[in-house]
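Visitor: Quick one: this structure, given as structure tokens, is what I'll be asking you about.
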Amino acid sequence: MANTDIGIDLGTANIVMTMGNKGVVLSEPSVIAYNTRTERVLAVGREAYDMIGKNPDYIAVVRPIIEGVISDDDLTHSMIREFILKVTGHQLIKPRIVICVPSSITDVESRAVVDAARSAGSRQIYLIQEPIAAMIGAGVNITKARGHMIVDIGGGTTDVAIVSMNGVVTSHTIKTAGNTIDKSIVKYMQNKYKLLIGERTAERVKMDLCNLYDPSDERTVLVKGRSLLKGLPAQVMLSETELFEAIEDDAFAIMEAIRKVLEDAPPELVGDIYDNGLLLTGGGSLLGGLTQLIKRTLGINCHIAKDAINCVAKGTGMAFGKMTTLLDGFEVAPISRYR
């Protein structure tokens, strides 16, 4: 693997990059801030994320990737270019880039991803499906005729797949993931407490209080926001039980996605999965009580991958060394095809 080869996990919530043999060299929020008057990019990543909810009207702070799909080509191109310059130290190189995409991506969506990498100056672009990258990054041997199941819960999408013999056997992607859960918390606080909170506050509450298996009324956190009735600052105590009420539908949407993939899988592979268990990756895998909820609801043992958040990005970088063996879910993106 060349030292300039770059692997990119182009996530809705975060972008994680690997480079050569260095491993993960960048992990920052997928956010860009720009001046709407001059159209000049002001900040990307963590610096732009810190501006959310605190910016004047003429500074736009946006996520150009929504639900795993590029929604603004120009801003995504600018963001990726800035990140690549950051990790390469502004050297004039033309790296090979492999980008991770959801397993259900369409040709139109693939074209947007390839265009973004091409605008960053790549000499060769590869696409790899998230389940394959996550499995490789988690250190699972997917070369044998044995079924492995993965659930990658990111910011914009949840990708569920069964992998065997270096290929995806069956998969299903839903747009219920970390950001959807944050929005459900915001909506719950508005409806029940008439309290308006931002997405960063919702994310913090989710991380601090989530318990999907055995929520309690005893454990609480203080949530601050603006009263919709008085228009003044206000705060309320939110319990684990209330948070579970807010995100219950989202949690069980993920359960149904897992069930659907199992129903579509060949019986022999389902037997393997019962033995091997289920592998969880992505930031959403860290939701409190998720593994116990899956065990109770579906009767399958599951475990969280080591370094679950960076798993996909690591696998994306490691894919360069497995080009000749990967049968499915990994392809060279012929640039001429997208012109």
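Visitor: From the phi of every residue in the stretch 306-312, what ³J(HN,Hα) in whole Hz does the Karplus formula 6.51 cos²θ - 1.76 cosθ + 1.60 yield, where θ is phi - 60° and glycine or proline is x?
Guide: For the stretch 306-312, the Karplus curve yields 5, 6, 4, 5, 9, 4, 5 Hz.
Visitor: Between GLN292 and LEU232, what FRET efficiency comes out of the Förster formula 1/(1 + (r/R0)^6) with R0 = 51 Å and r the beta carbon distance, rounded to 0.05?
Guide: 0.80
Visitor: Using the Kirkwood radius over Cα pairs, work out the Stokes-Einstein diffusion coefficient for the stretch 4-68 at 4 °C and 1.567 mPa s, in µm²/s as a whole number.
Guide: Stokes-Einstein gives a translational diffusion coefficient of 102 µm²/s.
Visitor: A further question follows. Using a 1.4 angstrom probe on heavy atoms only, work out the carbon and sulfur share of the accessible area of the chain in %.
Guide: Of all accessible area on the chain, carbon and sulfur atoms account for 49 percent.
Visitor: Okay, next question. Taking 0.36 nm per residue of sequence separation and subtracting the Cα-Cα distance, how much length would be gained by fully extending the chain between TYR58 and LYS187, in nm to one decimal?
Guide: So the extension gain works out to 43.7 nm.
Visitor: Then there is this: Check VAL25: other-chain or 5+ apart residues with amide H under 5 Å from its amide H, H built from backbone geometry?
Guide: So VAL25 has HN proximity to MET17, THR18, MET19.
Visitor: Compute the relative contact order of the stretch 225-327 as a whole-number percentage, counting only Cα pairs closer than 8 Å that sit 6 or more residues apart in sequence.
Guide: Dividing the mean separation by the residue count of the stretch 225-327 yields 20 percent.
Visitor: Amide H of ALA13: which non-local residues (sequence gap of 5 or more, or other chain) have their own amide H closer than 5 Å, using H built in the peptide plane?
Guide: Those qualifying (amide H under 5 Å, at least 5 residues apart or on another chain) are GLY155, GLY156.
Visitor: Ignoring ligands, DNA and RNA, what accessible area per residue does the chain give at 1.4 Å, in Å²?
Guide: Per residue, the chain has an accessible area of 46 Å².
Visitor: Across every pair of different alpha-carbon atoms, what Kirkwood hydrodynamic radius in Å does the stretch 77-150 reach?
Guide: 14.0 Å
Visitor: Continuing with the same structure: Can you list residues whose amide H is under 5 Å from TYR126's amide H, if they're 5+ apart or on another chain and H is modeled 1.01 Å from N?
Guide: Close amide H contacts, sequence-distant or interchain: ILE97, VAL98, ILE99, ALA333.
Visitor: Quick one: grab the alpha carbon gyration tensor of the stretch 237-316, order the square roots of its eigenvalues as a ≥ b ≥ c, and give me rounded if a/c is under 1.5, else prolate or oblate depending on whether a/b is larger than b/c.
Guide: Cα axes put the stretch 237-316 in the oblate bin.
Visitor: Got a sec to turn the phi values of the stretch 268-274 into Karplus ³J(HN,Hα) couplings, 6.51 cos²θ - 1.76 cosθ + 1.60 with θ = phi - 60°, whole Hz, x for Gly and Pro?
Guide: For the stretch 268-274, the Karplus curve yields 4, 6, 4, x, 4, 5, 4 Hz.
Visitor: For Cα extents along the principal axes in Å, several values are listed as [x] 61, 52, 45; [y] 51, 48, 34; [z] 61, 58, 32; flag the one computed from this structure.
Guide: Recomputing Cα extents along the principal axes in Å here picks out [z].
Visitor: Quick one: 3J(HN,Hα) in Hz for the stretch 22-27, Karplus 6.51/-1.76/1.60 with θ = phi - 60°, rounded, Gly and Pro as x.
Guide: With coefficients 6.51, -1.76 and 1.60, one gets 7, x, 6, 10, 7, 8 Hz.
Visitor: Sticking with this structure for a sec: Roughly how compact is the stretch 106-256, stated as its Cα Rg over 2.2 N^0.38 Å to two decimals?
Guide: With N residues counted in the stretch 106-256, Rg over 2.2 N^0.38 Å equals 1.35.
Visitor: Here's another thing I want to ask about it. How long are the three semi-axes of the equivalent ellipsoid for the stretch 14-123, computed from the Cα gyration tensor as the root of 5 times each eigenvalue, in whole Å, largest first?
Guide: Gyration-tensor ellipsoid for the stretch 14-123: 23, 17, 13 Å.
Visitor: May I ask you to derive the relative contact order of the stretch 157-305, considering only C-alpha pairs under 8 Å and at least 6 residues apart, and to give it as an integer percent?
Guide: Result for the stretch 157-305 is 24 percent.
Visitor: Let me ask something else. Taking 7 Å along the Cα-to-C-beta vector as the label spot, tell me the THR220-ARG204 distance in nanometres, rounded to one decimal.
Guide: Distance between the two pseudo-spin positions: 1.8 nm.
Visitor: So which aspartates and glutamates pass the test for LYS144, namely a Cα distance under 12 Å, with those fewer than 8 places away in the same chain ruled out?
Guide: Answer for LYS144, where 12 Å is the Cα cut-off: ASP272, listed by chain and number.
The values are calculated or read from the model by the stated rules, or taken from the named source; none is laboratory data. If you're wondering where the values come from, they're calculated on a predicted model, not measured in any experiment. Methodologically, a virtual Cβ is constructed for each residue, glycine included, from the backbone with ideal geometry; neighbour enumeration extends over all protein chains shown. Only protein heavy atoms, including side chains, enter the accessible area calculation; ligands, DNA and RNA are left aside. Shrake-Rupley method; radii C 1.70, N 1.55, O 1.52, S 1.80 Å.
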